[in-house]
Each structure stands twice: as C-alpha cells, then as structure tokens.
Amino acid sequence: MSSHVDRSDRLKYYEDIVSTFEENNIAWCNWEYKGDFGIYTFDFEKLISLSPDVEFIKVLMHKKY
C-alpha cells in the first residue's frame with residue numbers, strides 16, 4: 001500500500017483549494033511536509049527531486065492544465 005495520494009486526486013485537491021482561496025482573496029502558500037515539496041517530481045526510492053512538475057505548477061498558478 002502506498003502512503004502517497006494518487007496523482008489525479010492530488011491535482012484536483014490543489015485545483016479546488018487554490019481556486020477557493022483565489023476567489024475569496026485568501027493568501028496561501030504550499031509547503032509539503034515529508035514529501036516531494038510539490039513543484040518537482042520526486043523519486044521516492046532514491047529520495048531525490050527530478051524535474052519540475054509543470055502540471056502541478058500550472059495548478060498552483062491557477063491555470064488549466
């Protein structure tokens with residue numbers, strides 16, 4: 001069993017919270033505890049960051065991907 005959230009669910013979650021915060025003029029930031037820190041893909045076996053996660057960055061920028 002994986003301790004990580006399915007990618008599609010993760011993107012939808014962030015899309016929902018970012019749009020809600022933006023629509024209500026609520027300041028926000030993203031900080032993941034014990035994870036891949038969000039904007040980079042992450043190799044959990046080697047514990048290293050890889051390339052920028054363009055889809056996720058677009059969600060954080062409140063743009064459709």
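Here, each number is a calculation from the coordinates, and none is a lab measurement. Since the structure is predicted, the reported quantities are computational estimates derived from the model, not experimental observations.
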*Got a sec to turn the phi values of the range 8-18 into Karplus ³J(HN,Hα) couplings, 6.51 cos²θ - 1.76 cosθ + 1.60 with θ = phi - 60°, whole Hz, x for Gly and Pro?*
4, 5, 5, 5, 5, 4, 5, 4, 5, 6, 5
*Residues whose placed amide H lies under 5 Å from that of Tyr40, excluding near-sequence neighbours*: Asp53
